[in-house]
Amino acid sequence: MIPIYVLWIRQLKRYVRSRPRVIASLGQPLLFLLALGFGLGPVFRKAGQGSYLQFLAPGVVGMAVLFTAMFSGIELIWDRQFGFLKETLVAPVPRIQIMIGRTLGGATVAIVQGLIVIIIAVVAGFRVTHYGGLAWALVFMTLIALTFTALGTALASVLADFQGFQLIMNLLVMPVFFLSGALFPLVGLPKVLDVIATLDPLSYGVDGMRAALTGDGHFGIGTDLVVLSGLCLVLLAVGGWLFSRIQL
């Protein structure tokens with residue numbers, strides 16, 4: 001029997017051992033944080049919006065969590081192709097427990113990545129204006145990580161090759177990130193973009209973290225929490241169902 005925590009710890013060990021992967025996964029968030037945070041800062045201030053780094057940092061944290069969580073599905077495909085998944089699935093344990101263990105492991109790795117980006121942002125000049133909101137920021141990071149790790153698992157459960165997974169991820173991840181309000185305020189958008197941003201799950205995670213860390217929210221932290229929690233439960237259920245139907 002394979003307890004949930006065994007799969008959880010296995011995911012964390014993979015993360016610790018893959019130092020080049022850790023460094024590479026931080027490259028894109030750092031590029032957005034430093035290049036955009038300082039490059040567009042003067043323009044943002046001239047528009048009367050204050051510090052762009054203060055606005056941008058929660059969005060870049062959401063980006064780091066999103067990318068790491070979604071691409072954790074690649075490990076499921078890897079395990080399927082190299083036989084480890086088969087050994088796991090034949091164990092006398094419900095598949096939902098296996099899925100939960102893998103999801104918790106992938107989500108924990110994504111949260112660690114997000115925490116690293118927060119530390120880097122603080123070093124770069126980001127200031128947390130509501131220290132009591134740090135716990136809420138961690139809650140939203142956790143919800144983002146669980147939501148998109150479950151989505152990555154769901155997609156990896158129905159795909160059998162790396163190329164197809166990566167193509168779908170690139171098609172899905174970039175619009176989810178760019179249309180979430182991570183890089184621009186959601187106030188005064190054209191109607192179409194406003195509707196898309198409202199339907200984007202990451203919008204509520206980024207907005208919740210921004211409200212918790214800086215006090216500048218758009219939807220309201222209560223709305224963010226309810227919507228993202230609901231989506232998280234739905235995607236966990238869908239991911240668990242698709243994972244239970246994997247054919248080896």
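A few remarks follow.
- Neighbour counting of Cβ atoms within 10 Å sorts the residues Val43, Val206, Val128, Val173, fewest neighbours leading, into Val43, Val128, Val173, Val206.
- Annotation: peptides 104-114, 235-245, ranked by per-residue average of other Cβ atoms within 10 Å with the highest first, follow the order 104-114, 235-245.
- Extended-chain gain in nm, criterion 0.36 nm per residue less alpha-carbon gap, Ala124 and Leu34: 31.6 nm
- Label positions at Val226 and Val187, each projected 7 Å from the Cα along the C-beta direction, are separated by 2.3 nm.
- Panel order for Thr129, Thr142, Thr147, by other beta carbons found within 10 Å of each beta carbon, from fewest to most: Thr129, Thr142, Thr147.
- Footprinting exposure proxy ranking of Ser157, Ser51, fewest other C-beta atoms within 10 angstrom first, gives Ser51, Ser157.
Quick note: the coordinates plus some simple rules give every number you see, no bench work behind them. The structure displayed is predicted, hence computed values, not measured ones. Reconstructed Cβ throughout: ideal geometry from the backbone, glycine too, with neighbour counts over all protein chains shown.
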